[in-house]
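Working notes, structure below.
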């Protein structure tokens, strides 16, 4: 099983809403990632969790708040987003060492109105 | 610094071989990856290569790595219409004790009948 599951697949939210994106993997991976992908652009790293601790925050605005409740789950809490935050949000996981594969979920297509 | 470059488009006839090229700058990269992304979908890991290898073959896919020139290529033999997608080259790097992927801009592979 090399599956990373993201929910929801699509999300439309207003600028005053609070919502959460969810990501789950059952491969025993100890590193999980959030990436943001704008249309016709490559994915850009947002956050890295290693052994359930936040190890990289790529200067992401505080309206994005990651959470790793356990080694299988990764959440991204959204609050007071802007229309320019509309994008595909991708979750990935790996064993956490450089010499291993990284697997991606199908993404959540977020539209902020 | 980290920078991964790819050409944006490649057009090939069905049945021909496709060769997608990528250059990277981080000499400390240990693993290099090829991902496929179809419209509206997440990233599918196609293959990867260790930096101490110069070639890897997996069915229709052949990866060539020239570490001296920091040049990576992906050859798809007998290209089919289902191969139409965007192909991302990515390098894996370690910063601050954790890792992440840096992606190229992606090459859009267009298949002509």
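The values are calculated or read from the model by the stated rules, or taken from the named source; none is laboratory data. Keep in mind it's a predicted model, so treat the numbers as computed, not measured. All Cβ positions, glycine included, derive from the backbone under ideal geometry; neighbour counts span all protein chains shown.
Of the set (1) surrounded by 13 or more Cβ atoms within 10 Å (Cβ to Cβ); (2) closer than 15 Å to residue B:91 by Cα; (3) more than 11 Å from every other protein chain (Cβ to nearest Cβ), all apply to residue B:45 but (3).
Take residue B:90 and tell me if it is free of Cβ contacts under 8 Å to residues at least 60 places away in the same chain and closer than 18 Å to residue A:103 by Cβ.
Details: free of Cβ contacts under 8 Å to residues at least 60 places away in the same chain: no; closer than 18 Å to residue A:103 by Cβ: yes.
Spelling it out, it is not the case that residue B:90 is free of Cβ contacts under 8 Å to residues at least 60 places away in the same chain and closer than 18 Å to residue A:103 by Cβ.
The criterion of at least 3 residues that are in contact with a helix residue (DSSP H, G or I) (Cβ under 9 Å, 6 or more places away or on another chain), surrounded by fewer than 18 Cβ atoms within 10 Å (Cβ to Cβ) and in contact (Cβ under 8 Å) with a residue 60 or more places away in the chain is met by none of the strands (runs of 3 or more DSSP E) falling completely within region A:13-85. Scanning region B:30-50 for residues that are in a loop (DSSP other than H, G, I, E, B), closer than 19 Å to residue B:4 by Cα and either modelled with pLDDT of 95 or more or over 14 Å from the mean Cα position of the chain (by Cα) (or both) turns up just one, B:30.
Summed over region A:86-102, residues that are within 14 Å of chain B (Cβ to nearest Cβ) and not in a strand (DSSP E or B) total 7. Considering (1) closer than 22 Å to residue B:106 by Cα; (2) touching a strand residue (DSSP E or B) at 6+ places or on another chain (Cβ under 8 Å); (3) without any contact (Cβ under 8 Å) to a residue 60 or more places away in the chain; (4) within 14 Å of chain B (Cβ to nearest Cβ), the lone condition that residue A:105 does not fulfil carries the number (3).
Can you tell me which residue among B:62, B:102 is in a strand (DSSP E or B), in contact with a strand residue (DSSP E or B) (Cβ under 9 Å, 6 or more places away or on another chain) and modelled with pLDDT under 90? Unique residue meeting the criteria: B:102.
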